[in-house]
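Chemist: Here it is: the structure, laid out below.
Derivation of every value follows stated rules applied to the coordinates shown; laboratory data play no part. Note that the structure is predicted; figures quoted are calculated from it, not measured. Quick reminder, even Gly has a Cβ in these numbers, built from the backbone with ideal geometry, and neighbours come from all protein chains shown.
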Ligand SMILES: Cc1cc2nc3c(=O)[nH]c(=O)nc-3n(C[C@H](O)[C@H](O)[C@H](O)COP(=O)(O)OP(=O)(O)OC[C@H]3O[C@@H](n4cnc5c(N)ncnc54)[C@H](O)[C@@H]3O)c2cc1C
Ligand SMILES: Cc1cc2nc3c(=O)[nH]c(=O)nc-3n(C[C@H](O)[C@H](O)[C@H](O)COP(=O)(O)OP(=O)(O)OC[C@H]3O[C@@H](n4cnc5c(N)ncnc54)[C@H](O)[C@@H]3O)c2cc1C
C-alpha cells in the first residue's frame, strides 16, 4: 500500500459514475475540460446496474410472461407457459452490460479518464482515491460529486438472503411463491408488480394511507385493482415490526388496525427509501455544507458552498430520479465551463412502471390548488380512445392541468398504457409554456394514444369531441 | 315511395358520418348550429367500421399472437398457441361497436339529428336524402360534405370472395395459409404484416421501387426485414396482370423484371389506392368544382367554390387520413360559425402500424432539401436507448430534422417501438415552432423512449451524450 | 412526489428563449413581449439585447 504518494493533478474530477456523474463527465469533456471520473463500483451507478434498467427489464419480462399466457378474451390461447428464470436473469444481464459497456465506450470516446476506486476528500482541492491495494492523491481544479444513494435499512430487518433490498430482489435466482414487500413506493410497487406478473403472490405492507404516495387516488386505485386481480394483498397503515428467518423463508410481523399480524413468505423485500451517500466522503474536510437530511446544499448551477465543487443527483434536494441527475450533470458541467446554464425545471416528469403505467409532470390538481393557482382540468378516459380500445388496454385516463386565466398547461397526469411514452409531449408543453389550445390545435395521428392529450385539452377548453 | 315531398329545412347539413363528418357535426353543434347529419352506411365511416380501427384491432391481435409464442431468447416459452379467429373477429367487432355506438351517443348528446340515407344534391341549397323506400328533400343554409373514399378496382381484379379489398381482408373468417397483396402502400403493408403475425405466408407485389412510398429507405428497410423474417416475399417493380380463381384460391399473374410469373394463394388482397366519393352526389347540380382527380377544390377554410358548401376529408386534396379529416371538420364547423379558423397543417403526422411502427411529421431530410432548406439532422438509434433495450425491442431510429440556421424543428421520422406514441411530441414541436434546444432542455423521464427525442436533438446540436 | 420546483409567476417562454436570455445576462422578466398572449419570443429577447446595447453608448456621449 502506497500512502503519501505524488499527487496527480486533474482539471475536473467527477466522483461517481451513475447517470449524474457519467453524463456530467461526458458533457464536461465535450466542452473542453480534461475530465477524470472515479467510480468505486460499476460504471452506470445504481441506475444502470441495480436500478432503473434491470428493474425495467424484469418488468418487461413479467409482461411478456403475462402475454405468453395468451388472451382468451380475444381468442388467443396457449398451453404450458414456462419461465426459465435463470435465462430471464441472463437476458437482464445482457441488457445491463450493453448499457454499462456503452457508458464505458462513451466516456473513453470523449477522452474521459476512468479511475477505479473510492474517493475521500482531503480538502477543497484534494481527494484520495483508494482501492483494495492503493491510495492515490488527486488534486483538482473543479469537482462534481455524484455519489448517489443506497437503500435504508429499517430496525428489525437486517438485509440477508431472505430479507432483500431492491438489489437483492432484482437478482433472485427463482420466482418466489410468495413475497412480502415493505413499502409501497414506486420501487416496491414496480418490483412487486413485476413478480406478480411472474406469478408470485405479493403482500404489500405500506405505512401510510395509500401506496405510491404523491400520485392521486384515482391513479393508485387502478394499480391496486390490477395487483389485486393478480392475487396480491395490499395492507395500508401497516407497521412492519420484525422478521424471523425460517428454513425456507421468512415470518414477517406487522401491526395494522391495532392488531399484530404475521405473514409467512419466501422473501421479504424492504423498499422504504434511500439515503444519500454523503456520510463517508470526507465532505467536512472539504468544507461542504449539508442539509439536516444529509443532502448537499446547491445553488442554481449545482454549485455547493465551496465554489469549485458541484453536487448533483440523489445527493442533492429534489426527486431522486435518474433523469434529474443527468440534467443536473449537464448544468454542472456547463457551469464549470463558464456557461450560464441554470437549473430551470418547472416540470420533472416522474413515471411508475406499474400496471398500468403512471406518469406525472408539473402540477397536479391538488398541488396547484395548494399553490393558489386557479385551474381548469381536462380529463379524458382511455376507454374513449380508439387506439386504447384496439390495443385491448382501456384502463386509465389523462388529466391535463391548465391555468384557468389563460389555459397555460401547468401539469399532466396519466395512468394507462404507455403513459411513459405519452408524458414527454406534456413535459415539453409544460417546459415551453404551451396552452391547451396549442395542444388541441396540433394534429395528433389517428388512431393513437396521443389523441388523448388533444382530447383532454379540448375538455379543458370546454369543447371535447369524444366525451360529453 | 314518396317523391315531391315537403322539404325539411335544416341549418347545417353534414353529409357522411366518418371522422370528417361526425367531428364536424359535433363541433358545429357545440358552436350553436342546428345540425343534421346524413349517413348512408354506418356511423363512423370507413375509419371506424372498415378502416383505421378494425385494422388496428387485427394488428394488435396479431401482435398478441406473436407474444403468445413466448420469447425463447429471454427464457419464456409456451406450447400450443391456438388462435380462434372467429373470436378474434368477434372481439374486433366489439371494439368497432363500442366506438360507433359511442359516436352515436356523442352526436345525440350534442343534439345533432341523425338521418339514415344517401344524399344527392339538387342545387346549392337543396339535397335529397334517399333510403330504400323514401326520398326526402332537405334545404340547408350551410353544408359540409364528407363522403370519403372507396377502394379502387384495377382491371383484371374484380372483387369477389377471393379477390379482396381492404374491407374483405378485414373480415376473413379464417387465417389464410397464403395471401398475395397487390400494392405495398400503408394499408397493404399493415394488413399483410398483421396476417404475417398470425402465420400467413405473405407475398407483396409492389409496382414501384419500394413499399411504403413516401417513407425513407432506411425505414422501409426495417419493415421489409421484419416481414421477410416472417416468411414474406416482397416483389418490387411488379406489375399485376390478372387473377384466376381456382376452387380454393387464386392464381395471380404478374410481371417482374420482364418475366411473367404466377403465384398461387388462398386470397389476393388489392390495395392500390382509393377513389374519392364525389361522382354520385350530384355535385354538378350544386355547381361544385372538382380537380382533375375528382377531388373537391377548397380554400383555407375548407369552403368550396360555392360559398355555403364546405368539403373535408378524403374528398379534398392532401393526405387521405382520418386525423386530417377530423381536423378539417373542426375548421369547417368553426368557419360556418364565423370563426377565423384556417387549415394550417405544416405538420400532419402519418403513421404506419407495421413492425416496427413508422411515423413521420413535417419535413424529411429529402423533402427539406428539395424545398431548399439547409438542415441539420439528428439521428439516434433505439439500440442506444435504455428503455428500448429493456423492452427487448431495439430495431429502429429517430431522425429529427432541424433548420440549420436556427435549430427550428421542421420534421421528424421515427421507425421503432411505439413510434405512433412518440410522434406526438414532435408534432407539437413542429406546430409550435420549437427548436432542438427546446427539446434538449426538456427533461424526459428515464428510462423512456421519449429520451430518444432528447438525444436526437442533442445530436443535431452537436453534443450528444449517448452516441459518439 | 410530483411537485415541481419553481413557481408560475414566471413569464411565458420556451426553454431555448430562456437560455438565450441567460447567455446574454438578461433577466427574461424584464423583456416586454410583443405577442398579445404575453409570450416572450427569441426575437423579443434579441430586440431587448439590441436596445440595451444601443442604450449604453448613447449614455456615454
Ligand atoms: C430498483 C430501483 C429502480 C429505479 N428506477 C428508476 C427509474 O425507473 N427511473 C428513475 O429516474 N430513477 C430510478 N431509480 C433511481 C435512480 O437509480 C437514481 O435516481 C439514480 O441512479 C441517481 O443517480 P446518481 O448519479 O445520483 O447516483 P447513482 O446512480 O447512485 O450513482 C452513484 C455512483 O457513485 C459511486 N460512488 C459512491 N460513493 C463513491 C465514492 N466515495 N467514490 C467513488 N464512487 C462512489 C457509486 O458506486 C455509484 O456508482 C431507481 C432506483 C432503484 C433502486
Ligand atoms: C384499411 C384501412 C385502414 C386505414 N387506417 C388508417 C389509419 O390508421 N389512420 C388514418 O388516419 N387513416 C386510416 N385510413 C384512412 C381513413 O379511414 C380515411 O382517411 C378516413 O376514414 C376519411 O374520413 P372521411 O370522413 O373523409 O370519410 P369516410 O370515413 O370514408 O366516411 C365517409 C362516409 O360518408 C358516407 N357517404 C358517402 N356518400 C354518401 C352520400 N351520398 N350520402 C350519405 N352518406 C354518404 C359513407 O357511407 C361513409 O360513412 C384507413 C383506411 C383503410 C381503408
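Chemist: May I ask you to give the average projected area over all directions of the convex hull of the Cα atoms of the stretch B:120-207, in nm² rounded to one decimal?
Modeler: So the mean shadow area of the Cα hull is 9.0 nm².
Chemist: State, as an integer percentage, the relative contact order of the stretch A:334-460 based on alpha-carbon contacts under 8 Å between residues 6 or more apart.
Modeler: 28
Chemist: Here is a further query. Which value, to two decimals, describes the C-alpha radius of gyration of the stretch A:225-278 once divided by 2.2 N^0.38 Å?
Modeler: 1.35
Chemist: After finding the eigenvalues of the alpha carbon gyration tensor for the stretch A:163-272, what semi-axes result from the square roots of 5 times each, listed largest first in whole Å?
Modeler: 20, 17, 12
Chemist: Still on this structure, I have one more. What is the fewest-to-most order of A:444, B:71 by other Cβ atoms lying within 10 Å of their Cβ?
Modeler: Sorted ascending by nearby Cβ count, the order is B:71, A:444.
Chemist: Mean projection of the alpha-carbon convex hull of the protein assembly as shown over all orientations, in nm²?
Modeler: 47.0
Chemist: Round to a whole angstrom and tell me the spacing of the C-alpha centers of the stretch A:411-468 and the stretch B:422-468.
Modeler: Cα centroid to Cα centroid, the span is 18 Å.
Chemist: Could you list B:52, A:302 in order of exposure, starting from the residue whose Cβ has the fewest other Cβ atoms within 10 Å?
Modeler: Listing B:52, A:302 from fewest to most nearby Cβ atoms yields B:52, A:302.
Chemist: Sticking with this structure for a sec: Before rounding to the nearest 500, sum -39500 (n - 2.57) across all DSSP H runs of length at least 4 in chain B and divide by the residue total; then give [θ] at 222 nm in deg cm²/dmol.
Modeler: Rounded to the nearest 500, it is -9500 deg cm²/dmol.
Chemist: Which percent of Cα-Cα pairs in the stretch B:281-440 sits in each 10 Å bin, short to long?
Modeler: Using 10 Å bins, I get a P(r) of 10, 30, 29, 20, 8, 2, 0 for the stretch B:281-440.
Chemist: Then there's this: Please report, in whole Å³, the volume per residue of the convex hull around the C-alpha atoms of the stretch A:1-128.
Modeler: 137
Chemist: Per residue, how big is the convex hull around the C-alpha atoms of the stretch B:292-385? Give it to me in cubic angstrom, could you?
Modeler: So the per-residue Cα hull volume is 156 Å³.
Chemist: Just need the relative contact order of chain B here, percent rounded to a whole number, with Cα pairs under 8 Å and 6+ apart.
Modeler: 14
Chemist: Here's another thing I want to ask about it. Given a cut-off of 36 Å, what percent of all Cα-Cα pairs of chain B lie beyond it?
Modeler: Looking at chain B, the distances longer than 36 Å represent 37 percent of pairs.
Chemist: Stokes-Einstein at 10 °C, 1.306 mPa s, Kirkwood radius from Cα pairs: D for the stretch A:356-460 in µm² s⁻¹?
Modeler: Answer from the Stokes-Einstein relation: 120 µm²/s.
Chemist: Using Cβ contacts closer than 10 Å as the measure, can you line up A:82, B:390 from fewest to most?
Modeler: Result, fewest neighbours first: A:82, B:390.
Chemist: So what are the three principal axis dimensions of the stretch B:1-73 from its Cα atoms, in whole Å, longest to shortest?
Modeler: Largest to smallest, the principal-axis extents are 70, 35, 11 Å.
Chemist: For the stretch A:219-286 and the stretch B:1-78, what is the separation of their C-alpha centers, rounded to whole Å?
Modeler: The stretch A:219-286 and the stretch B:1-78 have Cα centres spaced 48 Å from each other.
Chemist: Could you state the number of Å between the C-alpha centres of the stretch A:321-354 and the stretch B:338-361?
Modeler: Each part's Cα centre sits 31 Å from the other's.
Chemist: Antiparallel DSSP bridges in the protein assembly as shown: what percent, to the nearest 5?
Modeler: DSSP beta bridges in the protein assembly as shown are roughly 65 percent antiparallel.
Chemist: Follow-up. Express the Stokes-Einstein translational diffusion coefficient of the stretch A:254-336 in µm² s⁻¹, to the nearest whole number, given a Kirkwood radius over alpha-carbon pairs, 4 °C and a viscosity of 1.567 mPa s.
Modeler: Approximately 85 µm²/s, per Stokes-Einstein.
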